[in-house]
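Written below as structure tokens is the structure these notes are about.
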């Protein structure tokens, strides 16, 4: 990548408001403008779709036509993307999505500061903010309930939010250990048939748990905590016979755990511990889908006041906007 700082971009932008609900963003540097709008104006087209506005590139400026609220959203997004291009020399689709989400969340927080402050999860690398009412309920349950069972489609933040809450509790010394677990294989955890030593056998199945940790705390610090036992990542089969004290234990992909396995995991709970069960009932990989214990555990335990049940749906998906549409499309087909 070339050194963009040597280009000495003139990064100051001028904003011109008109009476007809339009806003012009004037660039002093045409090369910078070209970098922001993208080839064939592709970045602006993507921004248009995400914000439902009309955006044009004219001369040395970008023109936005919408209501004042959306104009301001696009203005902030353009500023964000300008800084992104100056710093990194390119703008990716994920940057455009982030530019919109960032300011939508900030605006929501400004409008609901007192309501939302209690839900913010502050970790060393980032502040994690729930993006839907169900996610807020989930975070509250993670903090207040001894056991939480959540079910819903991919991308709803079930694992990430639980890992974030667990990590903050560990760093604040409210617990002594985080335990992250998954069914190691889809049908019976037959680890002996996999190549390599034990860690090599199970790591591919546990990789998403590592990814969540690395997104919240520096790699070296996570590795250190794993080495000293503050963070333990293990397949579900390794939980049998243990009592978990002063711990925050998460069972991920619980749709692939049987009724007996979920019961075993839940009954590991000890003094000053929390247990979280997460899964997606639409992605059961067991040979006999009726063996999945996730939905059954919700029905059996739903009436216990100490246990919180959270059901997510496509509207809670926080990944790429298409994920929500994909989840809903498949859900609609299955319900026909």
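The values are calculated or read from the model by the stated rules, or taken from the named source; none is laboratory data. In this text, all values refer to a predicted model and were calculated from it rather than measured experimentally. Cβ sites come from the backbone with ideal geometry, for glycine too, and all protein chains shown count toward neighbours.
For the reader, a short list of remarks on this structure follows.
- Residue match in segment 312-325 (condition: in contact with a strand residue (DSSP E or B) (Cβ under 8 Å, 6 or more places away or on another chain), closer than 25 Å to residue 166 by Cα, surrounded by 14 or more Cβ atoms within 10 Å (Cβ to Cβ) and at pLDDT below 95): yes
- Here residue 272 fits the description: over 24 Å from residue 223 (Cβ atoms) and surrounded by fewer than 24 Cβ atoms within 10 Å (Cβ to Cβ).
- All positions within segment 130-153 that are at pLDDT below 85 and surrounded by fewer than 17 Cβ atoms within 10 Å (Cβ to Cβ): 132
- In segment 205-214, the residues that are within 15 Å of residue 250 (Cβ to Cβ) and either within 17 Å of the chain's Cα centre (by Cα) or surrounded by fewer than 17 Cβ atoms within 10 Å (Cβ to Cβ) (or both): 206, 207, 208, 209, 210, 211, 212, 213
- Filtered residues of segment 51-77 (kept if surrounded by fewer than 19 Cβ atoms within 10 Å (Cβ to Cβ) and either outside the structural domain of residue 31 (by TED's automatic domain parsing) or out of contact with any strand residue (DSSP E or B) (no Cβ under 7 Å at 6 or more places or on another chain) (or both)): 52, 57, 58, 59, 67, 68, 69, 70, 72, 76
- The residue of segment 326-336 that is modelled with the lowest pLDDT, among those that are surrounded by 15 or more Cβ atoms within 10 Å (Cβ to Cβ) and either more than 22 Å from residue 277 (Cα to Cα) or in the same structural domain as residue 277 (by TED's automatic domain parsing) (or both), is 328.
- Restricting attention to segment 240-259, the residues being over 23 Å from residue 152 (Cβ atoms) and in contact (Cβ under 8 Å) with a residue 12 or more places away in the chain number 7.
- Residue in segment 261-279 that is in the same structural domain as residue 153 (by TED's automatic domain parsing), farther than 21 Å from residue 165 by Cβ, outside any strand (DSSP E or B) and under 23 Å from the mean Cα position of the chain (by Cα) present: no
- Residue within segment 35-46 that is modelled with pLDDT of 90 or more and closer than 30 Å to residue 120 by Cα present: yes
- Segment 286-313 - residue that is under 23 Å from the mean Cα position of the chain (by Cα) and in a loop (DSSP other than H, G, I, E, B) and, of those, farthest from residue 174 (Cα to Cα): 313
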